[in-house]
Amino acid sequence: MPIFAYTARDMSGKQVTGTVEANGENEVAAILAEKSLFPVNVKSAASSSQALFGGRKRVKAQTMAMFYSQMASLLRAGVPMIRSLNVMSDQSSNATLKEVISDIKSRVEDGESIGDSMARYPKVFNEMGCNMVRAGTEGGFLEDALDRVGKFTELQEDLKGRTISAMAYPIFLFSVGSVVLTTLLVFFVPKFDPMFDRLRKKDEMPAATEALLAVSSFMQDYGWIFLVAMVVAALVMRAKTQTESGKDLIDRIKLKIPVLGEILMNLAVARFCRVLGTLLNNGVPILQSLDIAGTAAGNRLLRESVSSATENIRSGESLASPLRASGHFPPSVVEMISVGEESNSLDTVLPEIADSLEKITFRRLDLFVRLLEPVMLLVMALLVLAVVLALIVPVLKSSSQL
C-alpha cells in the first residue's frame, strides 16, 4: 500500500507531521479526520527502504536545464502538454527523471497542475523552478517560464563550476599539506625520540622538540579516536544541516567568513535580482515575484530580508527602503533598485544589476583565490620547516657534545 507524508493541524492549531498508509489522498484525508486533524499538505512518500537510503536520487543540473529548455520548445511549437510530457519521458536517458516525468504526466491527466505535480519531487525540481512554473501557468507564459528556468539553471551551474574550479587548487594544497604533516608526525618524528634520551636526562631538550614529540605520541596513541570523532562530528553536522535551525546556522556561518562571506552574499543578491527581474518582465505580480526570488536567492538570511520587504510593500512602501535597512544588499544595488522603481523600469534594471554584480564578485573571487594560494603555500612551508628545525636543533646539540 502506498505511503503518504502529511502536514496537518490539530484542534489547537498546532502543526503535526507524519506518514500514513492509504490507497489515495482522499483516504488519507479520511484517516486524518478520524484523528481530528486538518490536512494542510499531503504527498506521496518513499517506502521505508527508499527513505532509509535517501529516497529518489537527485538529477544533475545540466540534465534539468535541458529538460526545461526542451519542454519549453515543445510547448512553444504547439505540442499539447500531455504529449510533450510523454515525449520528454520517452527520450530521457536518466532513469529517475524518466520515472518522475511519467508520474507527472499521469497527475496532469487527472487534472493536477504541472507546477503542483513537480513540487511532489523536491529532489528533482527545486522550489524556485516549481514556483516559476506555477506563475507561468497562472499568467499564461508557461513556455517562457520553462525557458527562463532552463537558462537560469544552466547559468547557476556555470557559476557553481567556476567557483569550484577557482577553489580546487587551494583545497588541493590544503589536502596535500595535511597529508604530509600527518605522515611526518606519525611515521617520521617518532624515530628521533630514542636519539634524544641523553638531552632529556640532562634536561637540555628544547621545548619545541618536546612539544613536537608529545603531539606525535598523541597522534600515534589516540589518532584513531580523533579520526572517529571527526567522522561522527561530520555525520552529526550533516544531520543537523537537514533541519531548519541547522540550515539557518550554516547560512549565518557562511556570511561570517572573512572576504568569502561577502562574495557569497553578493552572488545570492545577484540570483535574487535576476529571478525577480525575469518574473516582473513576464508580468508576475510584485508580491509573488518577491516570494519566488527570495527562495531562489539560496540564502535564508536574504530570504528573511525579502520577506520583510514584502510586508512593507503590502503597506504601500517602496522596495528599496527595507532592502537598504536589512544590511545585506550593497548600497549601489539598493540605489539602482530605487532608481528603477522611480522610473518604472525595475524589470530591466534588475537583470543589469545581476550581470554587473556577478562580474564584480567573480573578479573579487579570482583575486581572493590568487592571494589564498601563496598564503597557503607559505603556511604549509612554515609548518614543515618548524617540524624539521625542532628535530635538527637537538640533533646538532647532541653532536656538539660528543
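The values are calculated or read from the model by the stated rules, or taken from the named source; none is laboratory data. If you're wondering where the values come from, they're calculated on a predicted model, not measured in any experiment. Virtual Cβ from ideal backbone geometry, glycine too; neighbours counted across all protein chains shown.
The condition of being surrounded by 14 or more Cβ atoms within 10 Å (Cβ to Cβ) and either modelled with pLDDT under 80 or not polar (S, T, N, Q) (or both) holds for only one of Ala61, Ala33, that being Ala61. Checked across the stretch 45-52, the condition of being surrounded by fewer than 16 Cβ atoms within 10 Å (Cβ to Cβ) and modelled with pLDDT of 85 or more holds for no residue.
Across the stretch 260-281, not a single residue is classified as over 30 Å from Glu317 (Cα atoms), loosely packed, with under 11 Cβ neighbours inside 10 Å and not basic (Lys, Arg). The set of residues in the stretch 242-259 that are surrounded by 12 or more Cβ atoms within 10 Å (Cβ to Cβ), more than 14 Å from Asn299 (Cβ to Cβ) and free of Cβ contacts under 8 Å to residues at least 40 places away in the same chain contains only Gly246. With respect to (1) touching a strand residue (DSSP E or B) at 6+ places or on another chain (Cβ under 6 Å); (2) free of Cβ contacts under 8 Å to residues at least 40 places away in the same chain, the lone exception for Arg120 is condition (2). Taking the conditions exactly as written (within 30 Å of Asp366 (Cβ to Cβ), assigned by TED's automatic domain parsing to the domain that holds Met376 and of a type in the set (Lys, Arg)), does Lys191 satisfy them or not? For Lys191, the condition - within 30 Å of Asp366 (Cβ to Cβ), assigned by TED's automatic domain parsing to the domain that holds Met376 and of a type in the set (Lys, Arg) - is not met.
Checked against (1) within 26 Å of the chain's Cα centre (by Cα); (2) at pLDDT 75 or above, Asp10 meets all criteria but (1). With a requirement of 1 or more residues that are within 30 Å of Leu199 (Cβ to Cβ) and touching a Phe, Trp or Tyr at 6+ places or on another chain (Cβ under 9 Å), the helices (runs of 4 or more DSSP H) lying completely within the stretch 312-402 that satisfy it span 346-400.
For Leu212, state whether it is aliphatic (A, V, I, L, M), surrounded by 13 or more Cβ atoms within 10 Å (Cβ to Cβ), under 30 Å from Leu357 (Cα atoms) and touching a helix residue (DSSP H, G or I) at 6+ places or on another chain (Cβ under 6 Å). Judged against the criteria, Leu212 is not a match. Against the criterion of being touching a Phe, Trp or Tyr at 6+ places or on another chain (Cβ under 7 Å) and either surrounded by 14 or more Cβ atoms within 10 Å (Cβ to Cβ) or assigned by TED's automatic domain parsing to the domain that holds Val384 (or both), Gly177 does not qualify. Look at the stretch 291-305: where a residue is at positive phi and a partner is among the charged types (D, E, K, R) and buried (at least 23 other Cβ atoms within 10 Å of the Cβ), sitting 6+ places away or on another chain with Cβ atoms under 8 Å, you get Gly298/Arg271. Under the condition of being touching a helix residue (DSSP H, G or I) at 6+ places or on another chain (Cβ under 9 Å) and within 23 Å of Lys60 (Cα to Cα), the residues counted in the stretch 76-119 number 26. Can Val387 be described as in the same structural domain as Arg198 (by TED's automatic domain parsing), touching a residue at least 12 places away in the same chain (Cβ under 8 Å) and over 30 Å from Thr241 (Cβ atoms)? Yes, satisfied.
In the stretch 291-301, is there at least one residue being in contact with a Ser or Thr (Cβ under 7 Å, 6 or more places away or on another chain) and either surrounded by fewer than 22 Cβ atoms within 10 Å (Cβ to Cβ) or at pLDDT 85 or above (or both)? Looking for residues that are in contact with a Ser or Thr (Cβ under 7 Å, 6 or more places away or on another chain) and either surrounded by fewer than 22 Cβ atoms within 10 Å (Cβ to Cβ) or at pLDDT 85 or above (or both), one finds at least one in the stretch 291-301, hence yes. From the list Glu358, Glu335, Glu311, Glu352, the lone residue that is surrounded by fewer than 16 Cβ atoms within 10 Å (Cβ to Cβ) and within 17 Å of Phe152 (Cβ to Cβ) is Glu352. Does at least one position in the stretch 192-205 carry a residue that is at pLDDT 80 or above and either part of a helix (DSSP H, G or I) or in contact with an Asp or Glu (Cβ under 6 Å, 6 or more places away or on another chain) (or both)? Looking for residues that are at pLDDT 80 or above and either part of a helix (DSSP H, G or I) or in contact with an Asp or Glu (Cβ under 6 Å, 6 or more places away or on another chain) (or both), one finds none in the stretch 192-205, hence no. Just one of the numbered conditions (1) of a type in the set (A, V, I, L, M, F, W, C); (2) modelled with pLDDT under 85; (3) within 30 Å of Phe174 (Cβ to Cβ) is not true of Ile360: (2).
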